[in-house]
Every structure is written in structure tokens, then in C-alpha cells.
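Down below is the structure, laid out as C-alpha cells.
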Amino acid sequence: MSDVEPGAVKSAGRALEIIEHLADVEAQTFPQLVAALSLPRSSTHGLLRTLVSAGWVELDPETKRYSLGLKAWQIGQRYDGHRLLLESGPALMAQLTDETGETVQMARLDGVENVYIAISPSPNPMRLASNVGMRLHAHATGIGKALLSTLGDDDARRRLQQVAIPRLTAKTITDPDEILAAISRGRDLGFFVDDEEFIDGCRCVAMPLTWPDETGVAAALSITMPTSRTDERWPHSMVEPLRRLVGRMREGMGLAPGAGDHQA
């Protein structure tokens, strides 16, 4: 468990950690939960009883496995933070998938992770396995770098220096200064790439969609594809189709079309 901020309630933090963990895994038994989260057995029993009673967690009486409860879904349906992005975004993303044959994704930034909020999957059998709600390391993905570019450099540097930055492939950049340099190049170009930095054999092109000072929400879009399906013009072959999508979505949200000219 991560260090608790001064003034924070430790038990509340542990309860939230249980909920977040169950959102990412299949149902688990009590010993599995305790082992996965390194929690004390005595207090975890009480936390789970409270969460089950409140509907945040469910306990199967036969298998003795805990899973995410209905209350989590109910509360999630009330979240309105990116409603504007999802009003017309998925339909337009699906049109771009039809045009390119590739997976189109929309994500928001949470710390130094990109969280996917909409996905239009490629119809091809070989494609990126991703789903809404998935969290990936922003430093190693094109869409993550696009999201980091919406921050000021000082803010981006602070976030990157506060965490351990993992090397995921031979091409992953892990030094904060080099990551910021890549973000600066992307700002100059108007797009960002992941050239097998997150997964070997996978590439993506990404662009920011909105900035916090416009809508209160920073979001970005990407086109992701296997390296084997990229042509000799990649990434430029995907830049213009993606730029058109960004323009159409921004127009639909009543925003100025020149997203690529916005500076953090």
C-alpha cells in the first residue's frame, strides 16, 4: 500500500484500495486479497464486512470470493466529468475505424497514467487488447505523451519524478528529461507516437483533444495498430485522419478547431 498523506484516514484509504483492486481483477478470496494488497488480516475482515454491507463489494457465499458490488456501478453511472467528450465522440471514432481499419481510443490523464474512456476496436483479428477503464503508463504510450503535453513542463516533471518509471520494452524512455524532450518534439510536430515503447510489435499516433483550461478536462485521441500493418509513410499516414477526427470532435463541442496550436 502506498504511503498515506498527512491527515488522511488510513482505513478509508485501504477500503478504496480494495475497491480499486477488485475493479482490476476477477473475484478473489480473502487470503488472495490480503496477499495481493499486503493488508493486515484483522482490520481487512472489518473493512470487507463494511464494504459488503454498503453494496460496494459482493461476497459469493459458496465460493467465498469477493467481487466488485453493484454500488460501484451505480455511482460510476452518475459520474459526469467527461459527458461532453462521450456525446458524439464514440460515433466519430467508429467512423475513423471504418476509414483506417484500426483501433481508435480516447483517454484522460490521471497522475502519470492514461485512462481509456472510449474505444473503437479494429475489426481485424490482430489488434490491441484494451478496454474502457484500462490504465497504462503515460510515458510509454503515444496517447499518454499527448496527455502529458497538456500540462506545464514543471507539473509534468514533478509527476514523473514522483513515481518509478518502468522500462516495458527495449525502446521505452524512462528518464524524465528524455520524456519531456519527446513531449516537446511532439508539441512541435503536432502529434505524438508510441513506436513499440509499450508493447513490442505495436505502434500508435496520438493528439491532444482538449485542455483543462478549455473544458476542465484534458483528453487525447490515438490510432493504434500492429507494426506489421504500418506502411512506409507511418506515422504520417495516420496523422491527417486523426487530425480530422480531432477537428470534428472539437467542432461538435463548440471549441476552436486549432487544437494543435494550443500550448500548455
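The values are calculated or read from the model by the stated rules, or taken from the named source; none is laboratory data. Quantities reported herein were computed from a predicted structural model and do not represent experimental measurements. In this analysis, Cβ positions are derived from the backbone assuming ideal geometry, glycine residues included, and neighbour counts consider all displayed protein chains.
Of note:
- Unique match (being modelled with pLDDT of 85 or more, touching a strand residue (DSSP E or B) at 6+ places or on another chain (Cβ under 7 Å), polar (S, T, N, Q) and not assigned by TED's automatic domain parsing to the domain that holds residue 236) among 50, 97, 29, 103: 29
- Residues in the range 16-26 that are modelled with pLDDT of 90 or more and of a type in the set (Gly, Ala, Ser): there are none.
- Evaluated against (1) closer than 26 Å to residue 84 by Cα; (2) modelled with pLDDT of 95 or more; (3) assigned to a loop (DSSP other than H, G, I, E, B), residue 197 falls short on exactly one condition, (1).
- Of everything listed in (1) out of contact with any strand residue (DSSP E or B) (no Cβ under 9 Å at 6 or more places or on another chain); (2) modelled with pLDDT under 85; (3) not assigned by TED's automatic domain parsing to the domain that holds residue 252, the single unmet condition for residue 88 is (3).
- One residue alone among 90, 121 is farther than 20 Å from residue 218 by Cβ and surrounded by fewer than 21 Cβ atoms within 10 Å (Cβ to Cβ), and that residue is 121.
- Leading residue by the ranking (surrounded by the fewest Cβ atoms within 10 Å (Cβ to Cβ)) among those in the range 212-224 that are within 16 Å of the chain's Cα centre (by Cα) and assigned to a loop (DSSP other than H, G, I, E, B): 217
- Which listed residue, of 146, 181, 164, is surrounded by fewer than 16 Cβ atoms within 10 Å (Cβ to Cβ), among the aliphatic types (A, V, I, L, M) and at pLDDT 95 or above: 181
- Residue list for the range 124-143, restricted to those being under 21 Å from residue 230 (Cα atoms), crowded, with 16+ Cβ neighbours inside 10 Å and not polar (S, T, N, Q): 127, 128, 140, 142, 143
- Of all residues in the range 61-81, one or more are modelled with pLDDT under 90 and among the β-branched types (Val, Ile, Thr).
- Looking only at the range 94-146, and only at residues there that are part of a strand (DSSP E or B) and basic (Lys, Arg), the one that is farthest from residue 167 (Cα to Cα): 108
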